[in-house]
């Protein structure tokens, strides 16, 4: 498979070149790996806290990637869903008094 280097005339083209060679999943995979590393590194604070904080961090990084055109917004919306579900779960399971 030959790489078409003509689209790499600026920094955005260089970043999109990785997606072109991997079928559009390179930066999505990188975002997921960042998310997994953040969850694992924060497990000492508890699972709910780790997933919630990592989802927020991945959401911010994902929004930057959407603005750069590297990731589709539908994938980043999944982090919003995880945040909403975890907020509902935490508010349901915590004592109210």
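Place a label point 7 angstrom from the Cα of residue 22 along the Cα-to-Cβ direction, then list the residues of the stretch 41-80 whose backbone nitrogen is under 16 Å away.
62, 65-66, 69-72, 75-76
If you take semi-axes √(5λ) of the Cα gyration tensor in Å from the coordinates, which of (i) 35, 13, 9; (ii) 47, 17, 10; (iii) 32, 16, 5 do you get?
Correct label is (i).
Okay, helix-only estimate at 222 nm for the chain: each DSSP H run of n ≥ 4 adds -39500 (n - 2.57), divide by all residues, round to 500 deg cm²/dmol; what do you get?
-24500 deg cm²/dmol
In whole percent, what relative contact order does the chain give with Cα contacts below 8 Å and a gap of six or more residues?
Worked out over the chain, it gives 22 percent.
First measure r as the distance between the Cβ atoms of residue 89 and residue 34, then evaluate 1/(1 + (r/R0)^6) with R0 = 30 Å and state the FRET efficiency to the nearest 0.05.
Efficiency for this residue pair is about 0.85.
Can you give the FRET efficiency for residue 48 and residue 72, using 1/(1 + (r/R0)^6), R0 = 25 Å, r = Cβ-Cβ distance, to the nearest 0.05?
Once the sixth-power term is evaluated, E becomes 0.35.
Readers should treat all values here as calculations from the given coordinates under stated rules, not as data from a laboratory. Source: prediction; values computed, not measured. Note: ideal-geometry Cβ built from the backbone for every residue, glycine included; neighbour counts use all protein chains shown.
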